[in-house]
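**Q** The structure under discussion is supplied below as structure tokens; questions concerning it will follow.
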Amino acid sequence: MTLVDIDEGELGRALITAPEVGRVVLTGSTETAALFRGWKPELRLLAETSGKNSIIVTPSADLDLAVSDIVKSAFGNAGQKCSAASLAILVGSVATSERFRRQLADAVTSLAVGQPTDPAVQMGPLVEPPGDKLTAGLTRLGPGESWLVEPRRLDDDGRLWSPGVRDGVVAGSAFHRIEYFGPVLGLMSAATLEEAVALQNAVEYGLTAGIHSLDAGEVAQWLDTVQAGNLYVNRPITGAIVRRQPFGGWKASSVGPGYKAGGPNALLAHGSWRPVPAAASGDLRLDGLEARVASVIEASQPALGYEEFDLVRRGALSDAAAWAAEFATARDVSGLEVERNVFRYRPADVVVRLAEGASMAELVRVVAAGVLARASIRISSSVPLPAGLLPLVQATDLGGAPLLSITGIDVEPDAAFASRVVANHPDRIRLVSADPEAGDALARATGGSPDVAIWADPVTAAGRIELLPFLLEQAVSITAHRFGAIDPRSRRSSSEQRGPAHGRAPRSNRSRFRHPIAPARRASDGTVSIGCPGGARVESGAWPGAHRRATSTSRNSRSAPRRSGPSGCPRSCTRCRSRRSRWASCAAPRRCCG
């Protein structure tokens, strides 16, 4: 390893764009990522960038703990940390609480500010004198804002500032949207938790996010709807530790494939993948595949040759194995008693493109992976799709939602697709092309936009690789104690130690949450269920690591006998599995085949 300390001028550009450099790993601002891509649009850049991070405080929170954690999150490292809290969103009565504001102001003004050579100092100087953006954040208020604690310049060169808190930040304002990267915190108000989450999600970034609430229902609702890569419950939102909380964001906080540093997929981003030829299996059966995936393959079969069908089938079986082994279950590999650290997957929005001259079999294989991941898929193809697929794409469940989560199909040439990408900037593109340079050409067409992640490697039969474009990684860290005392209700009973390896848990074995602070259950193999207490049913792993909103059930339902067939069990519909019937012929598609 060679360490080279250069500026981002001529030498920096020469280093980044050198043909010998296959990939660049960046921790820096979104502007720096855009600069690098401007130098070389096709640059394979793996970047963790900026964040506009916030903490929600609800009326059910421990306000003393919330104030402490907000101050730690906002002013550690003088706020010059990508994960630092820039906003606190106060819900309901907290927004009008004079006690909360007095306590917050007292905690902020009590911080000892000075040079780090003094061991009593709690907040040190900035890394450099503030630029125009940070100076505005430290000195100028927006419409309707006021200083709860006004920051002060404490030295001659402008690097040492006392921390500041601005009150009355309104939705859509500059301070709501812009990362200032310094020791200044903004306070926003929301009438409800739903409104607070909307404010939290309204920014273009999605790095870290937090909530303070002792109401497990509120925590569950927040976990279901917040859009960020690292989530924190009743604790500071900074200080991610390798392995416990793999780190990386969503949206504009990430450039490239978005695999978290310290996560199970981090090394996969540092290489390229190609298919390995395999002999045909001689087996046409689709046993073991989810009904939705099998229906896609069956509908496409008339357009595929035998070897093409075998590729799709082998890929789908590999997807099922990878789903069971890695993607279907949220896990806590650290196993701490005082803190739950859960790694899970959420479905992504992906555009799948079949380029001119590419194989229809490879498109079907990729779409089958996306359907298994329950991603929201839009297909763009240079040729018409198999006729049998169209009824499936148009089919809906009883609630009117698409059965396959395929939101649309566009048949268009490569040039038209590139123009639409430039205009719309989709978050993720899985490009299926016979041209090894097609991915670079598409990246150049977008001008190297850091907002677009392109997967253009050859299509493989490996589910561990092909499922990744359709999934977002998320790390959830939840405090599981009160003042050091672990609530015994957070521990699992011996009968709950092990869950299923794949898909939704059997109805009789789904965990019930009782702990209002730590809504997670950890089994001996690291499997974790995330959910709610008080007689609420938890569904964890029914889709990529997702936490579904809990629905009330009676306590006696836990011991109810498991039923088979469309009217009962969500996984063991013997009629559908044996006949691989289409959705339209299934009596209960959402509960049985879904």
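The values are calculated or read from the model by the stated rules, or taken from the named source; none is laboratory data. Note that the structure is predicted; figures quoted are calculated from it, not measured. Quick reminder, even Gly has a Cβ in these numbers, built from the backbone with ideal geometry, and neighbours come from all protein chains shown. Quick note on the areas: whole protein, heavy atoms, side chains included, nothing else; ligands and nucleic acids left out. Shrake-Rupley method; radii C 1.70, N 1.55, O 1.52, S 1.80 Å.
**Q** What distance in nm separates the two pseudo spin-label positions at THR109 and ASP157, each 7 Å out from Cα along the beta-carbon direction?
**A** If labels sit at THR109 and ASP157, their model points lie 3.0 nm apart.
**Q** If I model a spin label as a point 7 Å beyond the Cα along the Cα-Cβ vector, how far apart are those points for ASP224 and LEU141 in nm?
**A** 3.9
**Q** Same structure again: Please report the equivalent ellipsoid semi-axes of segment 19-82, computed as sqrt(5 x eigenvalue) of the Cα gyration tensor, largest first, in whole Å.
**A** Details: eigenvalues 279, 24, 16 Å².
Each semi-axis is the square root of five times an eigenvalue, giving 37, 11, 9 Å.
**Q** Okay, moving on. Which FRET efficiency value, to the nearest 0.05, do you get for ASP64 and VAL121 by plugging their Cβ-Cβ distance into 1/(1 + (r/R0)^6) with R0 = 25 Å? Before the final figure, lay out the partial values.
**A** Working: r = 24 Å, r/R0 = 0.95.
It comes to 0.55.
**Q** Along Cα→Cβ, 7 Å out, is where each label goes; now give me the distance between the ones at ASP287 and ASP5 in nm to one decimal.
**A** The two pseudo-label positions are separated by 6.5 nm.
**Q** Between segment 104-143 and segment 331-355, what is the C-alpha centre distance in whole Å?
**A** Segment 104-143 and segment 331-355 have Cα centres spaced 35 Å from each other.
**Q** Sticking with this one: Report the Rg/Rh value for segment 269-366, based on alpha-carbon coordinates and the Kirkwood definition of Rh.
**A** On the way: Rg = 17.2 Å, Rh = 16.1 Å.
Over the Cα atoms of segment 269-366, Rg/Rh equals 1.06.
**Q** Go through segment 241-253 residue by residue and turn each phi into a ³J(HN,Hα) via Karplus (6.51, -1.76, 1.60, θ = phi - 60°); whole Hz please, and just put x for glycine and proline.
**A** Along segment 241-253, the couplings run 10, 3, 6, 6, 10, x, 10, x, x, 10, 6, 6, 7 Hz.
**Q** Full extension from ALA266 to ALA395: what is 0.36 nm times the residue separation minus their Cα-Cα distance, to one decimal in nm?
**A** Numbers: separation 129, 0.36 × 129 = 46.44 nm, distance 3.68 nm.
Length difference between fully extended and current span is 42.8 nm.
**Q** What does the charge count around LEU207 come to, taking other residues whose C-beta lies under 12 Å from its C-beta (Lys +1, Arg +1, Asp -1, Glu -1)? Please report the intermediate quantities before stating the final value.
**A** Values: positive: LYS52, LYS81, LYS251, LYS260; negative: GLU48, GLU179, GLU204.
Net of charged neighbours comes to +1.
**Q** Let me ask another. Could you estimate the translational diffusion coefficient of segment 23-146 from the Stokes-Einstein equation, with Rh from the Kirkwood formula over C-alpha pairs, at 4 °C and 1.567 mPa s, in whole µm²/s? Working shown, then result.
**A** Details: Rh = 17.1 Å.
Stokes-Einstein gives a translational diffusion coefficient of 76 µm²/s.
**Q** Using a 1.4 angstrom probe, figure out how much accessible area segment 60-150 has per residue, in square angstrom, rounded to the nearest whole.
**A** On the way: 4200 Å² over 91 residues.
Computed with neighbouring chains in place, this is 46 Å² per residue.
**Q** May I ask for the equivalent-ellipsoid semi-axes of segment 366-483, computed as the square root of five times each C-alpha gyration tensor eigenvalue and listed largest first in whole Å? List each step's numbers first, then the result.
**A** On the way: eigenvalues 153, 99, 43 Å².
That gives 28, 22, 15 Å for the three semi-axes.
**Q** Over the Cα atoms of segment 121-232, Rg to Rh with Kirkwood Rh, two decimal places?
**A** Checking Rg against Rh, the ratio lands at 1.01.
**Q** Mind checking which lysines have their Cα closer than 24 Å to the Cα of LYS133? Skip sequence neighbours fewer than 8 apart in that chain.
**A** Leaving aside lysines fewer than 8 places away in the same chain, those within reach of LYS133 are LYS52, LYS72, LYS81, LYS251.
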